[in-house]
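Before any comments, here is the structure.
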Amino acid sequence: EAQVTQNPRYLITVTGKKLTVTCSQNMNHEYMSWYRQDPGLGLRQIYYSMNVEVTDKGDVPEGYKVSRKEKRNFPLILESPSPNQTSLYFCASSSLRLAGVEEQYFGPGTRLTVT
Amino acid sequence: AQSVTQLDSQVPVFEEAPVELRCNYSSSVSVYLFWYVQYPNQGLQLLLKYLSGSTLVKGINGFEAEFNKSQTSFHLRKPSVHISDTAEYFCAVSLYNQGGKLIFGQGTELSVKP
């Protein structure tokens, strides 16, 4: 079954404790992306990757890191989480058209709470 | 700067009534356009997309949208809604030849009442 998986689904942590949210897709997609969803703000793009070893900042990259060492995986790293990073996070993947991103397939989401 | 505006944050409607969810975008380059739906406590799934060709696009669950280039709009419509259409709806644009940047609107909460 074609899917995007994220782990963990729920995470409560404390300020400053490094954490990683994993994302994996089995569709051989070139493109992967991370979003955060906050009430009234919709989805905001954190980082995206066009292919292995190619990553770029979205609209809200501060406080986050990503890596793309393999095509299927795109982990999101919070080196020193702060309470303003409490949010619902989504990973997505997509194939690429010549001119841009095709439809995206979303993971189930990770609800992160930083106290 | 590019942006996407969903003009209504909440749309209450009675079952079997028609509905229109409005989306306007601002971009200096051509775009691909998408509508996604998010049911409660779930991830997002694609409703429909416009990449090229006919400006009237049909999607799943009886939804359709029309791309209007002159008005830079991509409004979503359904002639008769069901209770099961209650969800949050997001409009999104992918910018031509701008790498992988995607911009989402703020979302419209559709609430269908019996």
> What is the antiparallel percent of DSSP beta bridges lying wholly in chain B, to the nearest 5?
Replying inline: 85 percent
> Highest mean first, what order results for B:100-109, A:40-49 on Cβ atoms within 10 Å?
Replying inline: B:100-109, A:40-49
> Taking the Cα centre of chain B as the origin and placing charges on Cβ (Lys, Arg +1; Asp, Glu -1), which of B:Gly107, B:Leu51, B:Asn41 is farthest toward the positive end of the dipole?
Replying inline: B:Leu51
> Per-residue mean of other chain beta-carbon atoms within 10 angstrom of the beta-carbon, peptide B:100-113?
Replying inline: 5
>> Using a 10 Å cut-off around each Cβ of peptide A:103-111, what is the average number of partner chain Cβ atoms that fall inside?
In response: 5
> Taking the alpha-carbon set of chain A, what are its Rg and Dmax in Å?
Replying inline: 13.4, 43
> Which value, in debye to the nearest 20, describes the size of the charge dipole of chain A about its Cα centre when Lys and Arg Cβ atoms bear +1, Asp and Glu Cβ atoms bear -1, and nothing else is charged?
Replying inline: 320 debye
>> What does the structure give for B:40-46 when I average, per residue, the other chain Cβ atoms found within 10 Å of the residue Cβ?
In response: 5
>> Could you order the peptides A:83-89, B:89-95 from most to least packed, using the average number of other C-beta atoms within 10 Å per residue?
In response: B:89-95, A:83-89
> In the protein assembly as shown, what % of DSSP beta bridges are antiparallel (nearest 5)?
Replying inline: 90 percent
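Throughout, read-outs are computed from the coordinates displayed, never taken from laboratory work. Everything quoted here is computed from the prediction, not taken from an experiment. In this analysis, Cβ positions are derived from the backbone assuming ideal geometry, glycine residues included, and neighbour counts consider all displayed protein chains.
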